[in-house]
Amino acid sequence: MRLRFIAVAGCVGVLVFGVAACGDDDDNGGGGGGASTGAATAGGGGGETVKIYSSLPLQGASKDQTAAMVQGIELALEEAGGTAGDVTVEYESLDDSTAQAGNWDPGQTAQNARKVAQDDKAIGYIGEFNSGASAISIPIINEAGIPQVSPANTYVGLTTDEPGSEQGEPAKYYPTGKRTYLRIVPRDTIQSAALLTQMKQDGCTKVAVANDKETYGAGLARLMEIQAPDIGGIEIVTNEGIDKAAANFRSFAANIKSKGADCFFFAGVTANGAVQIFKDVAAALPEAKLYGPDGVCESGFTNPSKGGIPKSIAPRFKCSVATLDLQSYPGGQEFLDAFSAKYGNDNPDPYAIYGYEAMKLFLDTLAGLGDKATDREAVLQALFDTKDRDSVLGTYSFDENGDTTLTSYGIYEVGDDGNPVFASAVEAQGAEQ
């Protein structure tokens, strides 16, 4: 199924039974300390009111993915009539990016987390999109005891101390000593093994790795080095952290050519020099196969009309995302029908279903708690107690670390329109959940 990527609307607005209107008129230069896409609510439970926030980068290379994610979140809330049991649920979307950064911003992320932590009505936090941003928000949200669910983070150190993490992780993210963070996507232990499995299937023998030095990218690159021997037949010839602001990466490309690399993998996000390094590597190694993770598996990287890689090298590129063809999910077709009916788009970015499930998880959990739905501690415990949940993504549970039991990763190629298109699912070898 081809993935068509959604343009960001000028505002998502205040939503009452699906009627949208633009909200904040202040021009803050694109950073946005408040609800940069407005707040949403629907219906009324007749009882108390709670609030669920999201914090996602609504500007920059990831904006198409996160716009779809917000739409999925709003769809789930509208379907529930804005209620969960006897409580009314309000939703507010926050932007953790700035126009200046063109990506998530540490200061903006911290500001969002503090805003939520100071809201007595806050019962849930959906975010972050980037693992490095969650490394900032988790401790703040943890101090407030607010349950946090990420629809996109994969860095292992946020939840475990397994290979790929850094010293002191994950304990340093939880100052209260109690876990408050969960994620509904498989961590990078699974993604790395899936990518290495795909590379082996494609005939790679010597893989050069570059990373963007951020929490997510550096951690994923470490995992590639650690897991490659378990896959067998693949040698990681280099793993180099790059300067994302460099004008070019020709010296790096020349170096990996001298090492005989036949494949190249970039561990990082689009905004951190990804397009330029792929251009330079592709020029220096015209026969090499090119790979990227979910951090670049989006139209901002693959589509030349959006500043992405040239069409000439697109046939050599593959990337991974923890989403499959949406129609292949147990609740995929029903979700697509509902999404199309609401937004007029029958082919959304796959991250839309993760936004939908994150909100649905919160709503179902609140509804099941009855008069304890306003109790953060009760909500948190119920989330961690989730077992064999029947969801649009399939059946999953959470372990004691807050990690999902889902393990599937999809491999994407570049379609004729320049956007990622689902190619196949890959079962990771050498990774243990």
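Values for this structure:
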item	result
Check on SER320, at negative phi, of a type in the set (Ser, Thr, Tyr) and surrounded by 15 or more Cβ atoms within 10 Å (Cβ to Cβ)	yes
Contacts under 8 angstrom Cβ, first residue in region 164-180 being touching a residue at least 40 places away in the same chain (Cβ under 8 Å) and more than 26 Å from ASN239 (Cβ to Cβ), partner exposed (fewer than 11 other Cβ atoms within 10 Å of the Cβ) and not polar (S, T, N, Q), 6 or more apart	ARG179/GLU400
Residues being part of a loop (DSSP other than H, G, I, E, B), within 18 Å of the chain's Cα centre (by Cα) and touching a residue at least 60 places away in the same chain (Cβ under 8 Å) - total across region 402-428	6
Conditions (1) in a loop (DSSP other than H, G, I, E, B); (2) under 17 Å from MET224 (Cβ atoms); (3) of a type in the set (Lys, Arg); number of the one not met by LYS244	(2)
Selection status of PRO147, modelled with pLDDT under 95, closer than 30 Å to THR407 by Cβ and not basic (Lys, Arg)	no
Which listed residue, of PHE335, PHE266, is surrounded by 24 or more Cβ atoms within 10 Å (Cβ to Cβ) and more than 20 Å from PRO151 (Cβ to Cβ)	PHE266
Flag if ILE190 is in a helix (DSSP H, G or I) and modelled with pLDDT of 95 or more	no
Residue among VAL414, VAL421, VAL426 that is among the β-branched types (Val, Ile, Thr), under 17 Å from ASN347 (Cα atoms) and at pLDDT below 95	VAL421
Given (1) part of a helix (DSSP H, G or I); (2) of a type in the set (S, T, N, Q); (3) outside the structural domain of GLU287 (by TED's automatic domain parsing), index of the condition THR154 fails	(1)
Qualifying residue in region 51-63 (condition: modelled with pLDDT under 85 and not in a strand (DSSP E or B))	yes
Residues located in region 386-401, provided they are closer than 16 Å to THR159 by Cα and not in a strand (DSSP E or B)	SER397, ASP399, GLU400, ASN401
Unique residue being within 18 Å of the chain's Cα centre (by Cα), surrounded by 24 or more Cβ atoms within 10 Å (Cβ to Cβ) and among the β-branched types (Val, Ile, Thr) when the list is VAL116, VAL70, VAL89	VAL70
Any chance GLU377 is part of a strand (DSSP E or B) and modelled with pLDDT of 95 or more	no
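The values are calculated or read from the model by the stated rules, or taken from the named source; none is laboratory data. Please read all numbers here as calculations on a predicted model, not as lab measurements. Backbone-built Cβ (ideal geometry, glycine too); neighbour counts: all protein chains shown.
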